[in-house]
2 protein chains.
Amino acid sequence: MDMTDTLVEARPRKRDAAATRARILAAAMDRFARLGYETASLREIAAEAGVDVALIGRYFGGKEGLFTEALKASIHPNRLRDHDRESYVRAVAENMANGPKDGESDQDGFQFLLRAATSPATAPLLNLAVQERFLGPIRDWLGGEDAEPRARVLAGVIIGFLVERLIRGKALRGREREVFIERASAILT
Amino acid sequence: MDMTDTLVEARPRKRDAAATRARILAAAMDRFARLGYETASLREIAAEAGVDVALIGRYFGGKEGLFTEALKASIHPNRLRDHDRESYVRAVAENMANGPKDGESDQDGFQFLLRAATSPATAPLLNLAVQERFLGPIRDWLGGEDAEPRARVLAGVIIGFLVERLIRGKALRGREREVFIERASAILT
DNA sequence: CGACTAAGTCAACGCACATTGACATAGCTG
DNA sequence: CAGCTATGTCAATGTGCGTTGACTTAGTCG
């Protein structure tokens, strides 16, 4: 059908390991986030990526390996250090007040996280990832005595608001929004 | 081996459909809440109930039917009204500090729902259940001005801790536990 | 050009699962 | 006691899964 490869990309490069890997990873992130670890199948993921199943084994070692990488890719380090305490708290609280729609793409990542939290097979992996990219930074940011349990509390609060926002389905408005932000800020401070 | 049935129960009543059904349902509630719909297997559930697998098919029609009934049985109204503010806050905070395993049945229903949300078919239940079991009761419990957004904040915090506990996988101990409970209580109060 | 390697393909394996139907037996009923 | 039905047992079937190993081909390098 296709005689030349000048269709979409400049040089499709028939055999490109990096591109194939990336497409598998993208498909995995999508399926895992939407379906969870056990329901999403490697065959589906491979099909969505337009790739043979065996390549997943080759590039990621197996389902767990693929999931681990997809998880890492879904949790991007937050920019804690760019904020002082007050501005960060305010930013987080406002973000929480928003609806799922107008949130950035971190929504998908968080959905991924939530699904991962509900599957026993992936819980240990998630624990590790959260430690690395979430709890650790917060703990360091807090510093001082009892940084660890205090970081856990803070992480719990933030996670909770994210879940609540995910479930809520719509943004808060007007007075309700203000009250929410005010209260949430108070808790986070 | 056993000639008489006077081992554990007074009258084991060899054939009792109602009792068998109940034991299957209890085992199902436990396994589904702990492992989620996909991971929990009918064979395990049957084994835990000390029953042949085929009976599940007979009594509940199949895995979906069993899950549906277990879900119904797991949603009971929470007992917010039994507590005054302080004792409830303390109970919730301590519950949060515990590991997923040793948690009491008070919040297990929520775990059940959260895990159920993994399965695309049962996902919409989560929103409804949170409204019913968390937001509504908390809002009424709080009462007064701005009960709605304040309830959202509180619900968010509680949900967050539950998820955090789910992720953490193990109980907090010693000083960390104390600090955690103290901080969580302060936030909830 | 010719060989070597990386990239992709194909088929098969073993496993665990839910489900089903035929069979066995306990306990009640007449 | 005889027979019937609810209750429980057993074995088999089909399906989809993740994984593995041998094979084929594209692209590159000497």
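The values are calculated or read from the model by the stated rules, or taken from the named source; none is laboratory data. Quantities reported herein were computed from a predicted structural model and do not represent experimental measurements. Glycine gets a Cβ as well: all are built from the backbone with ideal geometry, and neighbour counts include every protein chain shown.
Can we say A:A184 is at pLDDT 80 or above and either in contact with a Cys (Cβ under 7 Å, 6 or more places away or on another chain) or buried (at least 16 other Cβ atoms within 10 Å of the Cβ) (or both)? No; evaluated as a whole, the condition is false for this residue.
For segment A:126-137, indicate whether the set of residues that are more than 7 Å from chain B (Cβ to nearest Cβ) and closer than 17 Å to A:F32 by Cα is non-empty. For segment A:126-137, residues more than 7 Å from chain B (Cβ to nearest Cβ) and closer than 17 Å to A:F32 by Cα: present.
Under the condition of being basic (K, R) and touching a residue at least 12 places away in the same chain (Cβ under 8 Å), which residue from segment B:11-33 is nearest to DNA strand D (Cβ to nearest atom)?
Among those residues, the one meeting the criterion is B:R21.
For segment B:14-34, name all the residues that are within 14 Å of the chain's Cα centre (by Cα) and within 10 Å of DNA strand C (Cβ to nearest atom).
Answer for segment B:14-34, where residues must be within 14 Å of the chain's Cα centre (by Cα) and within 10 Å of DNA strand C (Cβ to nearest atom): just B:R31.
Within segment B:130-148, the set of residues being under 17 Å from A:G160 (Cβ atoms) and at pLDDT below 80 comprises B:V130, B:Q131, B:R133, B:F134, B:L135, B:P137, B:I138, B:L142.
Checking the condition on the phi > 0 side of the Ramachandran plot and either at pLDDT below 85 or of a type in the set (S, T, Y) (or both), which residue from A:R13, A:R79, A:R85 passes?
Working: A:R79 fails: on the phi > 0 side of the Ramachandran plot; A:R85 fails: on the phi > 0 side of the Ramachandran plot.
The unique qualifying residue is A:R13.
On the stretch given as segment A:38-73, residues that are touching a Phe, Trp or Tyr at 6+ places or on another chain (Cβ under 6 Å) and either touching a residue at least 60 places away in the same chain (Cβ under 8 Å) or within 8 Å of DNA strand D (Cβ to nearest atom) (or both) total 2.
Taken over segment B:171-181, the criterion of being of a type outside the set (A, V, I, L, M, F, W, C) and within 9 Å of chain A (Cβ to nearest Cβ) is satisfied by B:R175, B:E176, B:R177, B:E178.
Kindly indicate the residue of segment B:31-74 that is surrounded by fewer than 16 Cβ atoms within 10 Å (Cβ to Cβ) and among the hydroxyl-bearing types (S, T, Y) and also modelled with the lowest pLDDT among those meeting that condition. Per the criteria, the residue is B:T68.
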